[in-house]
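The structure appears below as structure tokens.
The values are calculated or read from the model by the stated rules, or taken from the named source; none is laboratory data. Everything numeric in this text was worked out from a predicted model, so none of it was measured. Positions of Cβ are backbone-derived with ideal geometry, glycine not excepted, and every protein chain shown enters the neighbour counts.
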Amino acid sequence: MSNDDPLNFLTHELITLFCNNKDISDDDIAQTIETFNAEHPSNLMWNDAKTIIARLQTLYPSSKFPNWIPDRYEFVKPLANGATARVVLAHDRIFGKQVAIKLLNPTEPISRIQRETKILQTLNSNYIVQLTDAIFKFDNPFTIQAALVMEFVDGQYLNQIIAQNNNTPHAIHEAVRWMVQSAFALKDAHAQGVIHRDIKPANLVVARKTKTIKLLDFGLASSTDGSSSVTNSGDLLGTPHYLAPEQSRDPTILDPRNDIYSYGATFYHLLTGVTPFQGDYIDLVAQHRNSIPVSPRARNPKLPRLIDHVIKKSMHKKARDRFQSFSEVLEELAPVMPAGFVASKDPPSANSSPLHRENSQPPRHQQPAPPIPRIHDPNPPIPSSKGVREFDGGRTLETIWGDLIDQAISTDVIVVWDNSQFSMETESAKRVLDEAGLDYFKATRNLAPALPGRVVVSASGRLTQRFIFHAITIRRSTNRAILHTPTQNLIPDLLDSCFYHAESLEIETITIPLPDAAYIGMKPVVVYKTIFEHIAHEMKLGLTPIKTVRLVIPPRFKF
């Protein structure tokens, strides 16, 4: 930001406002910005200065509410300040109790605030912070203001407790109790049709007196039916240290098992003293997708094997390999569950754990189905001959009609869509086999069998490429009559595995043929769109070091 940037001058005006006045309101800030724009050739908005505004509000907390907050709420003190909202403690004169009021910044989209309000109104759980009131001010369509009045929990956030532990594991008995309570909170939320999507230590608060934990902040939550969702394609939601692999791949997928992964990562942090992975945002996303974290028990040898197992199973890369519901998590935790837990606001039956109540374990048919990849762009271009999509860093995604071997010239790797026996029966695979030679085929026999979803690296025989990546899409027994159709979410997983191997082997160029429908279980146009969109997403965000991806469409394909 240069010295003559208007934002520099606005920052000076805002600092002057806070230094020379007391109890600065949102209206005061908005008026200062409006006056500045009128006096200078600028069109700055609250959002442009939100970072400095948040810092100034923290340094100079207001001792009063905006005038649109009802008189029933008496200001007590500020509690927290962030880029999207500030939270204050207040006294509710009508009910005679303390509440936490979340004052949303005027730049926050009203639809997002209304969605969060709608979700919170539906939730009912002993382990979720309750919404008690919602206040909206609509008199100015450009700066709609809102506040959410919440149950106040006098306590500490889990991230504060972790910081106080100074990178050492928390006491196991207490941490396990919080694991169980958090699982109850999420079980209740999921049962009421809500996925949190931002489970992390900062969104779990421990009451000072009772030492019980409660879940809060449903700002990124969505209903399971998608009717209340804030996500658009291309968004990256969630906190990277605790983000489920599939959330960074496609945030529009609504799957309760996202929360299960983040739950496991959160308690990994609490019980080991460190996060599962370290690095910047891009590093963390890549590691959550491709790397196996150090075992929790390796970092904390005192950890019971059962807790180690629960955390590791919660954090499986594939959602289908995790616990499928928090009822399953609680069932696994039953042997270490302290007595006296109440899973909902209905009292439990006498001498009965909530896990053993009749309705605590949902029928198997109610468990969430594996996620189906969403197509972000319904019509990515299908070029008549050749198309090139360019990205930052000189990366390109090329789409070419033609012969696979001819178009793969000068690339390091050819991908072959294959079955578990490495039969190389599809037309593209046969073309590779003919060029690679019989000795190459014989050398691959010791690689079989391989499970679907795996990418196996082999030498390339007589081909000029360095390697061939076998992307296993279907399982075939030695009896050719038995063929198992792949699931539709397999393509992104296989592409990610290809990118992982490419990074390990320092590959910069790769050729990928469009797979035959029989080997992927989808129409060619759907396969093309899925592959194109996923590769474009990865290259746009810089999540793969590959410089050139060449997507080859055989001439026989018809869209």
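Of note:
- Condition check for Ala49: of a type in the set (Gly, Ala, Ser) and either under 35 Å from the mean Cα position of the chain (by Cα) or part of a loop (DSSP other than H, G, I, E, B) (or both): yes
- Residue that is modelled with the lowest pLDDT, among those in the stretch 384-394 that are loosely packed, with under 14 Cβ neighbours inside 10 Å and either touching a helix residue (DSSP H, G or I) at 6+ places or on another chain (Cβ under 8 Å) or not in a strand (DSSP E or B) (or both): Ser384
- Exactly one residue out of Glu332, Glu358 is among the acidic types (Asp, Glu) and modelled with pLDDT of 50 or more, and it is Glu332.
- Residue in the stretch 22-30 that is surrounded by 13 or more Cβ atoms within 10 Å (Cβ to Cβ), among the aliphatic types (A, V, I, L, M) and part of a loop (DSSP other than H, G, I, E, B) present: yes
- Failed criterion for Val99 (all others in (1) among the β-branched types (Val, Ile, Thr); (2) at pLDDT below 90; (3) not in a helix (DSSP H, G or I) hold): (2)
- Test: residue in the stretch 123-131 that is among the aromatic types (Phe, Trp, Tyr) and under 23 Å from the mean Cα position of the chain (by Cα): yes
- Verdict on Pro41 being assigned by TED's automatic domain parsing to the domain that holds Lys77, closer than 23 Å to Val87 by Cα and not in a helix (DSSP H, G or I): no
- Evaluation of Arg305 against (1) basic (Lys, Arg); (2) at pLDDT 90 or above; (3) closer than 27 Å to Ser497 by Cβ (one fails), failing number: (3)
- Selection count, the stretch 48-71, where residues are under 18 Å from Ala146 (Cβ atoms) and surrounded by 14 or more Cβ atoms within 10 Å (Cβ to Cβ): 9
- Only a single criterion out of (1) outside any helix (DSSP H, G or I); (2) without any contact (Cβ under 8 Å) to a residue 60 or more places away in the chain is not satisfied by Leu397, namely (2).
- Inspection of the stretch 463-478 finds a residue satisfying the criterion of being assigned to a strand (DSSP E or B) and either at pLDDT below 80 or not assigned by TED's automatic domain parsing to the domain that holds Ile409 (or both).
- The residues of the stretch 400-433 that are over 22 Å from Ile474 (Cα atoms), in a helix (DSSP H, G or I) and not aliphatic (A, V, I, L, M), listed by number, are Asp406, Gln407.
This table checks each residue for (1) among the polar types (S, T, N, Q); (2) in a helix (DSSP H, G or I); (3) buried (at least 18 other Cβ atoms within 10 Å of the Cβ).
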{"position": "Ile113", "(1), (2), (3)": "no, yes, yes"}
{"position": "Ile119", "(1), (2), (3)": "no, yes, yes"}
{"position": "Ser125", "(1), (2), (3)": "yes, no, yes"}
{"position": "Val149", "(1), (2), (3)": "no, no, yes"}
{"position": "Ala163", "(1), (2), (3)": "no, yes, no"}
{"position": "Pro169", "(1), (2), (3)": "no, no, yes"}
{"position": "Val176", "(1), (2), (3)": "no, yes, yes"}
{"position": "Met179", "(1), (2), (3)": "no, yes, yes"}
{"position": "Ser182", "(1), (2), (3)": "yes, yes, yes"}
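- Among the residues of the stretch 542-556, those identified as assigned to a strand (DSSP E or B) and buried (at least 19 other Cβ atoms within 10 Å of the Cβ) are Val549, Arg550, Leu551, Val552, Ile553.
- Residue match in the stretch 79-90 (condition: farther than 30 Å from Phe218 by Cα, surrounded by fewer than 17 Cβ atoms within 10 Å (Cβ to Cβ) and touching a helix residue (DSSP H, G or I) at 6+ places or on another chain (Cβ under 8 Å)): no
- Every condition in (1) more than 14 Å from Val455 (Cβ to Cβ); (2) among the charged types (D, E, K, R); (3) buried (at least 21 other Cβ atoms within 10 Å of the Cβ) is met by Asp493 except one, and the failing one is (1).
- Against the list (1) modelled with pLDDT under 85; (2) more than 24 Å from Leu17 (Cβ to Cβ), the condition Ile94 fails is (1).
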